[in-house]
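The values are calculated or read from the model by the stated rules, or taken from the named source; none is laboratory data. All values reported here derive from a predicted model rather than from experimental measurement. Here the Cβ positions follow ideal geometry from the backbone for every residue, glycine too, while neighbour counts run over all protein chains shown.
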Amino acid sequence: MVSLLAKDIMNSDVLSVGPDWSISQLADFFLSNSISGAPVISEDNKLMGVVSMTDLIRHTSLPAVDACLDLKDECYIHPHENQYSLSEIESSRIDAQSLVTVRDIMTPVTFNVNEYTRIQDVADAMLRGRIHRVFVTRDESLVGIITTMDLLSAVREL
């Protein structure tokens with residue numbers, strides 16, 4: 001019996017994101033491409049991590065983030081209350097969310113395999129890690145992705 005390899009079932013047309021993208025840019029990218037996650041690739045095409053819709057949602061719903069953005073707190077206004085109005089203070093603040101990048105919310109650990117990994121081993125890695133995608137790399141550079149759907153399609157064809 002011939003054993004299929006990662007290179008036989010991977011999708012080499014991988015949508016990726018940059019580490020310095022804003023979270024707003026990331027959300028737009030996910031929505032416009034109807035995807036829920038993507039690898040984070042450095043300028044020299046090295047796999048840095050993975051970011052998902054879950055990471056995005058987790059970050060944007062953190063109570064601490066909301067607290068940081070609430071500049072109506074007396075400790076922020078008190079030193080300026082004699083010089084500036086509340087509306088002037090609010091309009092001059094920098095939106096903290098716009099400063100957050102993909103690098104800040106991504107998961108730096110990825111599950112990756114090389115092109116010659118047997119699909120049985122790919123399946124084992126996905127099960128062990130309870131993950132839905134595995135990246136295929138060559139010399140630390142991303143060359144493909146295998147999703148649970150790719151794996152199921154390959155098994156169905158056997």
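Of all residues being surrounded by 14 or more Cβ atoms within 10 Å (Cβ to Cβ) and part of a loop (DSSP other than H, G, I, E, B) in region 2-14, which is modelled with the highest pLDDT? Just the residue, please.
Among residues in region 2-14 that are surrounded by 14 or more Cβ atoms within 10 Å (Cβ to Cβ) and part of a loop (DSSP other than H, G, I, E, B), the one modelled with the highest pLDDT is Met10.
Considering only residues that are surrounded by fewer than 13 Cβ atoms within 10 Å (Cβ to Cβ) and either touching a His at 6+ places or on another chain (Cβ under 6 Å) or at pLDDT below 95 (or both), look in region 105-119 and name the one that is nearest to Val40 (Cα to Cα).
That would be Pro108.
Give the residues of region 149-158 that are more than 28 Å from His59 (Cα to Cα) and either buried (at least 17 other Cβ atoms within 10 Å of the Cβ) or of a type in the set (A, V, I, L, M, F, W, C) (or both), sorted by residue number.
Once the filter is applied, which keeps residues that are more than 28 Å from His59 (Cα to Cα) and either buried (at least 17 other Cβ atoms within 10 Å of the Cβ) or of a type in the set (A, V, I, L, M, F, W, C) (or both), region 149-158 yields Asp150, Leu151, Leu152, Ala154, Val155, Leu158.
Out of all the residues in region 123-142, which are hydrophobic (A, V, I, L, M, F, W, C) and farther than 12 Å from Asp8 by Cα?
Within region 123-142, Ala123, Ala125, Met126, Leu127, Ile131, Val134, Phe135, Leu142 qualify.
Given the conditions (1) of a type in the set (Val, Ile, Thr); (2) at pLDDT 90 or above; (3) within 21 Å of Ile9 (Cβ to Cβ), report the number of the one that Val102 does not fulfil.
Only one criterion in (1) of a type in the set (Val, Ile, Thr); (2) at pLDDT 90 or above; (3) within 21 Å of Ile9 (Cβ to Cβ) is unmet by Val102, namely (3).
For the structure I just gave you, tell me whether Asp28 is part of a helix (DSSP H, G or I), surrounded by 10 or more Cβ atoms within 10 Å (Cβ to Cβ) and at pLDDT 90 or above.
yes
Scan region 116-133 residue by residue and report those that are within 16 Å of the chain's Cα centre (by Cα) and in contact (Cβ under 8 Å) with a residue 60 or more places away in the chain.
Those that are within 16 Å of the chain's Cα centre (by Cα) and in contact (Cβ under 8 Å) with a residue 60 or more places away in the chain: His132, Arg133.
If I filter region 120-148 down to residues being out of contact with any Lys or Arg (no Cβ under 6 Å at 6 or more places or on another chain), within 20 Å of Asn45 (Cβ to Cβ) and among the charged types (D, E, K, R), which single residue comes out as surrounded by the most Cβ atoms within 10 Å (Cβ to Cβ)?
In this case the residue turns out to be Arg133.
Looking for something over 30 Å from Leu142 (Cβ atoms), at pLDDT below 95 and of a type in the set (S, T, N, Q) - is there at least one such residue anywhere in region 58-75?
no
If Asn45 meets every condition in (1) within 11 Å of the chain's Cα centre (by Cα); (2) at pLDDT below 90 apart from one, which number is that one?
(1)
Can you tell me which residue in region 31-42 is modelled with the highest pLDDT, limited to those that are surrounded by 12 or more Cβ atoms within 10 Å (Cβ to Cβ) and of a type in the set (Ser, Thr, Tyr)?
Ser42
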